[in-house]
Each structure stands twice: as C-alpha cells, then as structure tokens.
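The values are calculated or read from the model by the stated rules, or taken from the named source; none is laboratory data. Everything numeric in this text was worked out from a predicted model, so none of it was measured. Ideal geometry is used to build each Cβ from the backbone, glycine not excepted, and the neighbour counts take in all protein chains shown. We work out accessible area using only protein heavy atoms, side chains counted, and drop any ligands, DNA or RNA first. Shrake-Rupley method; radii C 1.70, N 1.55, O 1.52, S 1.80 Å.
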Amino acid sequence: MSLREYEALTAGTTTYSADRHGPKVLGLGGGRCLKLFRRKRLLSSSALIPYAKRFAVAAERLAQRGIRCVRVRQVARVPAIHRHLVEYDYLAGETLRAELVAAMDQPGQLGDLMGRHAAFIAELHRQRVYFRAVHFNNVIVCPDGELGLIDISEAHVGRLALTPAKRARNFRPMVKYDEDRAALLAYGVERFLADYLAAASLPPRAERRFRRALARIDPLLAGTMAR
Ligand SMILES: Nc1ncnc2c1ncn2[C@@H]1O[C@H](COP(=O)(O)OP(=O)(O)O)[C@@H](O)[C@H]1O
Ligand SMILES: [Mg+2]
C-alpha cells in the first residue's frame with residue numbers, strides 16, 4: 001500500500017490505542033478498525049510471518065471453529081511508514097474488562113459474566129485454541145451475550161489437544177492485570193476454576209495435573225480443591 005493510499009484510508013480516524021511509537025488501533029468509521037504492526041527487531045519471527053498475517057490466519061481459523069472474532073477485510077504492508085496493517089470489522093459490544101469493572105458492585109451481573117467467561121475459555125481449549133493474550137481487555141461481550149475475541153495475532157489454533165499444563169498456562173494472562181485480578185477475586189477464584197472444569201470435563205488425572213500446574217503459575221490460582 002502506498003503512503004497516499006494509507007493516508008486516504010486513515011483520514012479522519014479515531015485512535016483506540018497507541019504507544020510511544022504512535023497509533024496502534026484506529027477506528028475507520030463504518031464499523032471498521034485498522035491495526036498497525038511494526039517490526040520490533042530486525043531478526044524476529046515476525047520477519048517470517050508478520051503479525052498482521054498471523055492475525056488474519058487466526059481470524060479465519062477461529063471462525064472455522066465457530067469461535068466469534070473479528071472478520072478481516074485486508075492485510076497490507078506500508079513500506080513508507082515501516083508498518084504492516086490489518087483492516088477488520090469492529091465487534092459490537094464492550095470489552096469484558098469494562099463490563100466487569102461496571103459490574104463490580106452487582107454480584108448477579110458479575111457472576112453471570114464470569115460464569116460465561118469460564119465456559120468460553122473451556123470452549124477455546126476444547127477447540128484447541130491457545131490465545132496467549134486472552135486477558136479481559138481482548139474479549140468482547142457482544143449485545144447478544146456471546147463472547148468474542150479481538151487482538152488475535154497471538155491466537156494459535158492448533159491440531160493437537162491442549163495438555164493440562166498448557167491449559168493452566170493460559171490462565172496466566174487472566175491474572176496479569178489488576179482489574180482482571182480484582183474481578184476474579186470478587187467472583188471467587190475457586191468458583192471460576194470450578195466453572196471452567198465443569199465445562200472442560202477433563203478426566204480426573206488430567207484435572208489433577210491442571211490444578212498442580214495452575215498452582216505453579218500464580219498462588220492466586222492455587223484454589224482450594226487441589227491436592
Ligand atoms: N474489533 C473491535 N471491536 C471492538 N473493540 C475493539 C476492536 N478492536 C479494538 N477495540 C478496542 O480497542 C482497544 C485496543 O485494541 P487491541 O486490538 O486490543 O489493541 P492493543 O491491545 O494492542 O492496544 C481494545 O481494548 C478495544 O477497546
Ligand atoms: Mg488488546
């Protein structure tokens with residue numbers, strides 16, 4: 001994409017997120033978003049498969065598995081600004097993090113959201129999806145109540161079933177940010193894990209391995225029923 005085409009595409013946009021290198025996510029209007037990716041290091045895996053491309057591949061594979069996520073319109077390279085970009089559709093709804101913060105003093109609403117999220121994570125794992133950045137700001141609560149994924153360049157949709165240890169590792173991003181931890185604590189970590197395990201229905205040995213792996217990741221996740 002030429003600089004002129006890029007400037008035409010991004011004229012009059014809203015910035016949804018930015019960092020010290022500039023805008024990262026732009027609202028293009030008409031229900032479309034644009035995410036910009038810069039190459040962080042000269043010799044990095046993104047040189048092989050740019051994150052923009054990974055984003056598009058993940059979107060396709062997630063949709064094939066029936067997981068709600070953004071729909072990609074185009075992937076492009078803009079040499080003039082040293083960026084790759086993905087244009088995709090906005091997923092109507094609020095982030096799970098924003099919904100949970102708003103529901104902190106409404107136990108019923110908080111319970112409903114957290115229960116559904118536990119089942120959603122179990123469904124991702126059942127579909128062999130390992131999304132490294134699955135914290136609550138990359139999950140959207142859609143108007144029809146379904147949960148969907150955004151920011152998916154690190155969503156790996158695999159062929160092999162996820163091991164109990166890998167499932168446990170995927171809880172790390174959920175306890176990384178203070179707001180997400182606060183929501184988990186308000187709901188009850190053991191309750192969230194029980195909801196997840198009820199939906200995942202792992203064999204007893206796998207469940208024990210999962211619990212042991214969780215405890216090694218963060219004491220918060222040690223729960224009460226392991227051992
Ligand atoms: N498709 C989308 N639908 C809804 N909100 C979005 C969408 N894409 C981005 N956003 C909003 O923009 C914010 C940043 O987007 P994201 O892709 O998560 O970028 P980053 O985490 O790199 O800042 C999100 O937290 C969300 O509020
Ligand atoms: Mg994000």
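Here is the size of the chain from its Cα atoms: Rg then Dmax, 18.7, 61 Å.
How charged is the neighbourhood of Leu91? Take every other residue with its Cβ under 12 Å from the Cβ of Leu91, and add Lys/Arg as +1 and Asp/Glu as -1.
Values: positive: Arg32, Arg68, Arg71; negative: Asp89, Glu94, Asp144, Glu146, Asp151.
In short, -2.
Taking the range 89-132 and a reference point 7 angstrom along Cα→Cβ of Ala186, the backbone N atoms nearer than 14 Å belong to 96-115. Sort the range 94-225 into rounded, prolate or oblate with this rule: let a ≥ b ≥ c be the square roots of the eigenvalues of the Cα gyration tensor; rounded if a/c is under 1.5, and if a/c is not under 1.5, prolate when a/b is larger than b/c, oblate otherwise. Here the range 94-225 falls in the oblate category. For Gln109 and Asp178, a Förster radius of 25 Å and the Cβ-Cβ distance give a FRET efficiency of 0.80, rounded to the nearest 0.05. Under a cut-off of 21 Å between alpha-carbon atoms, report the lysines in cross-link reach of Lys35, not counting same-chain residues fewer than 8 places apart. Cα-Cα hits under 21 Å: Lys24, Lys53.
Between the range 139-172 and the range 8-34, the alpha-carbon centres lie 25 Å apart.
How long is the gain from Arg212 to Ala119 if the chain were fully straight, where each residue apart is worth 0.36 nm and the alpha carbon distance is subtracted?
Working: separation 93, 0.36 × 93 = 33.48 nm, distance 2.05 nm.
That works out to 31.4 nm of additional length.
Over every Cα atom in the range 31-147, the radius of gyration and the widest Cα-Cα span, Dmax, amount to 16.3, 51 Å.
The length gained by stretching the chain between Ala63 and Arg126 to full extension, at 0.36 nm per residue less their Cα-Cα distance, is 21.2 nm. Taking the longest Cα principal axis of the chain as reference, the axis of helix 107-126 is set at about 80 degrees.
For the chain, which whole-number percentage of the solvent-accessible area (1.4 Å probe, protein heavy atoms only) is attributable to carbon and sulfur atoms?
Roughly 51 percent of what the probe reaches on the chain is carbon or sulfur.
Around the amide H of Ile140, modelled in the peptide plane, lie the amide H atoms of Leu96, Gly148, Leu149, Ile150, all under 5 Å away and 5 or more residues distant in sequence or on another chain.
Evaluating 6.51 cos²θ - 1.76 cosθ + 1.60 at θ = phi - 60° for every residue in the range 22-34, the Karplus couplings come out as x, x, 10, 10, 10, x, 8, x, x, x, 10, 10, 9 Hz, glycine and proline recorded as x. As I understand it, the value is the acute angle between the Cα axis of helix 189-200 and the longest principal axis of the Cα atoms of the chain; what does it come to in degrees, rounded to 10? In the chain, helix 189-200 runs at an angle near 80 degrees to the longest axis. The mean accessible area for residues of the chain, using a 1.4 Å probe and ignoring ligands and nucleic acids, is 53 Å² per residue.
Ordered from highest to lowest accessible area with the whole protein assembly present and a 1.4 Å probe, Lys53, Lys176, Lys166 read as Lys176, Lys53, Lys166. Per-residue extension of 0.36 nm, minus the Cα-Cα distance of Ala98 and Ser2, leaves a gain of 30.9 nm for this segment.
Under 5 Å from the amide H of Arg128 lie the amide H atoms of Leu162, each residue being 5 or more positions distant or on a separate chain, with H modelled from the backbone and absent for Pro and chain starts.
Straight-line cross-link reach from Lys176 at under 15 Å between alpha-carbon atoms covers these aspartates and glutamates, not counting any fewer than eight positions away in the same chain: Asp218.
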